[in-house]
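What follows is a short report on a single structure.
The values are calculated or read from the model by the stated rules, or taken from the named source; none is laboratory data. Every value quoted in this text rests on a predicted model; they were computed, and no experiment measured them. Methodologically, a virtual Cβ is constructed for each residue, glycine included, from the backbone with ideal geometry; neighbour enumeration extends over all protein chains shown. These accessible areas exclude ligands, DNA and RNA; they are computed on the full protein's heavy atoms, side chains included. Shrake-Rupley method; radii C 1.70, N 1.55, O 1.52, S 1.80 Å.
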Amino acid sequence: MARAPDSLEALVQALRRLPGVGAKSAQRMAFHLLQHDRPGAEMLSQALHHAVAQVRHCALCNTFTETDICEVCSDPERDFSKLCVAETPADQAAMERTGAFRGRYFVLMGRLSPLDGIGPKEIGLQKLFDRATDGSVQEVILATNFTAEGEATAHVITEGLRARGLRVTRLSRGVPVGSELEFVDLGTIAHALADRR
């Protein structure tokens, strides 16, 4: 049986590093780019190379930026008294797209997961505590995911910040807009009842 060229195999293996992309999907993408969209492949290559060279973490909040301080952190119109804590730059970007939050952010770059060796140091909790206690922050809003690790992370942050005298709130959980109760999972309904207003 003939082997694929080494460069094609290297492309397939590189594509497999993307989340949710298995061997067959990676191979399908590689063949598509090389057979049907070589200009697209070149554009992807250049964009990826440029992003890797230019994008870094904001010195204040850890989100992605091309400058030392991101747009949000350097915006004087932001409410410096509110700090929203997200797990990843993708989560922070989703919050920002809503247009509902005009404060500042701190991105943890992950969540606590002792089984994976990810503790407070790995997600930068001390940097968060330092930023939250800089004298301008009055409320820290936790926007970690509602997974077991996200809940544990929120708990540790809450305990650490309340001990420092800060007000800590959490995104509420509930029934999604436009959904029908019979199709919503029981845990979500229970949280919606507990967090009702």
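Evaluate the range 91-104: report whether one residue or more is basic (Lys, Arg) and open to solvent by less than 20 Å² (accessible area, probe 1.4 Å). Looking for residues that are basic (Lys, Arg) and open to solvent by less than 20 Å² (accessible area, probe 1.4 Å), one finds at least one in the range 91-104, hence yes. I need a count of the residues in the range 69-83 that are in contact with a strand residue (DSSP E or B) (Cβ under 8 Å, 6 or more places away or on another chain) and free of Cβ contacts under 8 Å to residues at least 12 places away in the same chain. Within the range 69-83, residues that are in contact with a strand residue (DSSP E or B) (Cβ under 8 Å, 6 or more places away or on another chain) and free of Cβ contacts under 8 Å to residues at least 12 places away in the same chain number 1. For the range 154-172, the count of residues that are among the small types (Gly, Ala, Ser), touching a residue at least 12 places away in the same chain (Cβ under 8 Å) and farther than 24 Å from residue 110 by Cα is zero. Just one residue in the set 57, 32 is under 17 Å from the mean Cα position of the chain (by Cα) and either modelled with pLDDT of 95 or more or more than 19 Å from residue 128 (Cα to Cα) (or both); that residue is 57. Look at the range 10-23: where a residue is closer than 17 Å to residue 34 by Cβ and a partner is exposed (fewer than 12 other Cβ atoms within 10 Å of the Cβ) and aliphatic (A, V, I, L, M), sitting 6+ places away or on another chain with Cβ atoms under 8 Å, you get 12/23; 16/23. If you filter the range 135-150 down to residues that are of a type in the set (S, T, N, Q) and touching a residue at least 40 places away in the same chain (Cβ under 8 Å), you find that the one that is most open to solvent (accessible area, probe 1.4 Å) is 138. Just one of the listed residues (41, 26) is under 27 Å from the mean Cα position of the chain (by Cα), surrounded by 12 or more Cβ atoms within 10 Å (Cβ to Cβ) and without any contact (Cβ under 8 Å) to a residue 12 or more places away in the chain, namely 41.
Considering only residues in the range 44-59 that are open to solvent by 70 Å² or more (accessible area, probe 1.4 Å) and touching a strand residue (DSSP E or B) at 6+ places or on another chain (Cβ under 8 Å), the one that is farthest from residue 105 (Cα to Cα) turns out to be 56. Put simply, of 76, 39, 19 the only residue that is at pLDDT below 95 and more than 20 Å from residue 127 (Cα to Cα) is 19. Whenever a residue of the range 120-134 is aromatic (Phe, Trp, Tyr), its partners that are assigned to a loop (DSSP other than H, G, I, E, B), lying with C-beta atoms within less than 9 angstrom and at least six residues away or across chains, give the pairs 129/164.
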